[in-house]
Amino acid sequence: MRLEDRLGEQAGERFLIGRDLVLDRQDERAWLAGRPLVLGGKALALLEELMRNAQLLVSKERLFEVGWTGQAVSDAVLTTAIRELRRALDDPARSPLWIETQHGKGYRFLPAVEARAVHPGLRDAGKSPPRSDDRTGTGPKPRARILLAAVLVLAAGAALVWTIGAGPAAGDETEESQVLHKSVAALPFRAIDEDASDLASGLDEEIATTLARTPDIQVAGAGVIRQVAEAGGEADRIARDAGFGHILTGSVRTEGDAVRVTARLTDTATGREIWSERFDRPLEDIIALQEDVAFAIARAIGSVMDPERLREMTRIGTRSVEAYRAWRAGRELVDRAVTNSDPALMDEARAFYAEAQRLDPQFARAHWEAAYMELVTANTIYSDTADIASDTERRKRYIGHIEAAIAAAPSDTDRLLYRAAREMADLNYRQSVRYLEDYLEERPGDEDIWYSLLEQARIAERYDLVEKAIEKIVADTRSAGAYPVIGTNYMAHNPRLALRYAQEGMEEAPDYTALQFQAHRAFLIAGKRDTARRLLGRMTRGQLPRSVRDGARIRQLCADGKTGEAQALARSLLADKELPLVVRWSSALTAGLDREAAAVLAPLEGRDAMFTLAQFLIYREFDAGQFPDLAAALARSGIDRPPPEKPSYACKVGAGAGTS
């Protein structure tokens with residue numbers, strides 16, 4: 001039964017909602033968990049048709065009619081459009097949560113769907129939903145950025161750490177000097193057949209990882225890539241206007257037990273092909289194929305890196321196809337668990353990582369990813385106080401995985417990264433920071449690790465490196481056509497830095513909710529109460545979760561001197577035991593309810609909860625002295641943590657304020 005038949009008059013309503021996916025049929029836009037999705041017109045049309053027929057099989061013929069009316073197109077065109085949807089939804093074809101494939105027949109949208117006249121994040125029916133800049137793009141989700149989101153920024157209430165497109169508009173002019181010769185807009189490889197879809201996705205990821213790590217090559221972000229992909233005959237001009245000298249395109253085809261990859265590089269100044277190559281391998285050699293393709297592309301763009309060092313960076317670390325697939329499945333599950341705050345997926349991910357390690361005990365990446373999953377699950381978003389006792393076993397598993405990664409590291413450079421992670425287990429952040437600095441000397445383009453450096457330098461009281469990391473992340477992300485969302489609690493020591501970040505962010509992407517949350521705090525850090533208040537008014541009409549909006553309201557009320565209202569709101573959050581510890585603790589402390597805030601963390605005292613407690617070290621207001629074991633570990637590592645200092649916008653009340 002179609003949605004029209006099931007919902008009657010509701011079928012004509014503007015919004016279709018399935019789980020946390022919202023589709024605006026009128027403005028042709030979509031959001032997942034509050035973040036705007038980057039989708040072309042064809043993909044949006046297919047998504048609407050699938051959602052209108054939720055849980056029913058929609059034939060390929062019907063989808064061709066919807067997306068390409070009157071046109072004779074191949075199955076590969078539909079496959080590519082469905083793949084675009086899956087990438088946006090983080091939905092692996094092998095274990096889908098959103099779109100199921102019926103091979104040779106069509107596709108099915110799995111969740112139930114309802115239709116509404118009003119966007120679920122808005123209060124008034126007459127208002128349009130928050131509109132993101134047309135250049136907005138979600139982009140790929142780098143590992144460290146996702147993990148930082150889970151462990152740090154989600155704890156502060158932001159929905160995610162994402163980059164949002166901020167590339168030049170189609171008609172903007174860029175001076176010749178701004179076009180970088182060694183730069184590329186790498187478009188997703190096209191899957192010629194359905195079986196090639198997963199291979200193409202893996203190839204995209206390896207190429208992106210290799211090029212991002214190559215220090216003398218600049219890679220376009222998702223905002224630019226989207227413009228180029230949709231520009232048709234104007235692609236070269238769009239890429240060049242954005243400052244990129246090359247466009248990379250390619251395709252993947254499977255034929256029985258063989259795979260063929262074709263890659264092509266064009267010069268945006270002339271539109272001429274400057275390099276192309278075809279790679280034919282048996283499917284069992286797919287890993288070596290991915291490494292060879294990534295290496296060849298970097299060389300073709302013109303990297304002057306020593307070939308052996310470049311080859312070293314392309315190494316995936318295993319020759320077992322099955323181990324590689326299990327590892328990727330684990331990664332996808334962790335990504336989805338973090339994105340959706342769904343701890344149940346972590347156990348599934350752990351099983352896949354264990355399988356990858358069983359198949360290839362020398363697969364360093366699998367050990368590394370498994371270790372960081374243990375770190376993520378130590379966060380109170382994923383574990384309640386009753387589960388804190390498992391920190392002992394969690395720490396043992398973390399150390400075991402990291403030491404295995406160190407032993408199996410494919411290069412000395414990779415080993416630096418793994419040694420930094422090992423030092424974290426003992427809260428030896430200063431040594432960890434030194435290892436990360438050495439690693440970034442070798443691979444300055446590895447943006448993920450700049451996020452790791454940001455976190456650990458903050459805990460190690462290395463504010464010079466905190467600011468260096470922020471400047472690097474912002475500069476690199478903007479040059480790639482995007483703008484990063486960074487927790488502005490990292491900027492509390494420097495109001496001028498916080499203000500510049502907030503002003504730039506709100507100019508680049510004024511309607512992006514995760515960035516709004518961070519910018520609001522930054523404006524308060526900088527003393528711009530009126531600007532923050534105006535921004536809060538927009539935030540309360542948006543799609544942020546209630547607890548996040550309330551957290552922002554508490555800090556605004558405190559900044560405005562309305563302590564009573566702030567404390568009343570904070571107490572309502574304290575009463576909600578379903579909220580993460582860190583959210584309740586932070587809200588109470590900001591509102592001046594010091595005793596209540598201490599009581600939130602009291603269950604952790606005297607327990608082996610190092611991993612859980614470590615997440616609070618990024619907050620200057622956190623009193624590590626409340627936990628003797630934690631304070632002693634920091635002292636052993638040479639960190640002289642200063643007395644706790646509340647944010648400048650916190651409610652001003654007497655010492656020991658707050659009553660139960």
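Taking R0 as 22 Å, what's the FRET efficiency between K577 and E605 from their Cβ-Cβ distance, rounded to 0.05?
Computed FRET efficiency for K577 and E605: 0.75.
Which of the GluC sites (Glu not before Pro) found in the range 239-348 are in a DSSP loop and have at most 14 neighbouring Cβ atoms, other than their own, within 10 Å?
Hits after loop and neighbour filter: nothing returned.
Find which of A258, A344, W275 sits farthest along the positive direction of the dipole of the range 241-379, computed with +1 on the beta-carbon of Lys and Arg, -1 on that of Asp and Glu, about the Cα centre.
W275
Counting only protein heavy atoms, what percent of the accessible surface of the range 228-296 is carbon or sulfur at a 1.4 Å probe?
Answer for the range 228-296: carbon and sulfur cover 41 percent of the accessible area.
Which GluC sites (Glu not before Pro) does the range 560-598 hold that lie in a coil by DSSP with at most 13 other beta carbons within 10 Å?
E578
Under a Cβ-only charge scheme (Lys and Arg +1, Asp and Glu -1), can you give me the dipole magnitude of the range 397-517 about the Cα centre, in debye to the nearest 20?
Using Cβ point charges on Lys, Arg, Asp and Glu, the range 397-517 gives about 320 debye.
Quick check for me: using +1 on Lys/Arg Cβ and -1 on Asp/Glu Cβ, what's the dipole size of the range 454-501 about its Cα centre, in debye to the nearest 20?
140
Within 12 Å, Cβ to Cβ, of M491, how many net charges do the neighbouring residues add up to if Lys/Arg are +1 and Asp/Glu are -1?
+3
Could you tell me the distance between the Cα centroids of the range 470-507 and the range 191-243, to the nearest Å?
First find each Cα centre; the distance between them is then 24 Å.
With unit charges on the beta carbons (Lys and Arg positive, Asp and Glu negative) and the dipole taken about the Cα centre of the range 444-562, which residue among A514, S479, G527 sits farthest to the positive side?
Of the options given, the answer is G527.
Which trypsin sites (Lys or Arg not before Pro) does the range 525-631 hold that lie in a coil by DSSP with at most 10 other beta carbons within 10 Å?
Of the trypsin sites (Lys or Arg not before Pro), the ones in loops of the range 525-631 whose Cβ has at most 10 other Cβ atoms within 10 Å are K577.
May I ask you to evaluate 6.51 cos²θ - 1.76 cosθ + 1.60, the Karplus curve with θ = phi - 60°, for each residue of the range 369-374 and list the ³J(HN,Hα) values in order in whole Hz, giving x for glycine and proline?
Ordered by residue, 3J(HN,Hα) equals 5, 5, 5, 5, 5, 4 Hz.
Given R₀ = 56 Å, what would the calculated FRET efficiency be for D464 paired with K105, taking r from the Cβ atoms and rounding to 0.05?
0.40
Treat each spin label as a single point 7 Å out from the Cα along the C-beta direction, and report the A296 to S411 distance in nm.
2.0
In this model, which of K472/K577; K528/K652; K528/K562; K396/K646 are farther than 27 Å apart at the alpha-carbon?
K472/K577; K396/K646
For the range 407-436 and the range 523-575, what is the centre-to-centre distance using only Cα atoms, to the nearest Å?
First find each Cα centre; the distance between them is then 39 Å.
The values are calculated or read from the model by the stated rules, or taken from the named source; none is laboratory data. If you're wondering where the values come from, they're calculated on a predicted model, not measured in any experiment. So basically every Cβ, Gly included, is an ideal-geometry build from the backbone, and we count neighbours across all protein chains shown. Remember, those area values only see protein heavy atoms, side chains included, never the ligands or the DNA or RNA. Shrake-Rupley method; radii C 1.70, N 1.55, O 1.52, S 1.80 Å.
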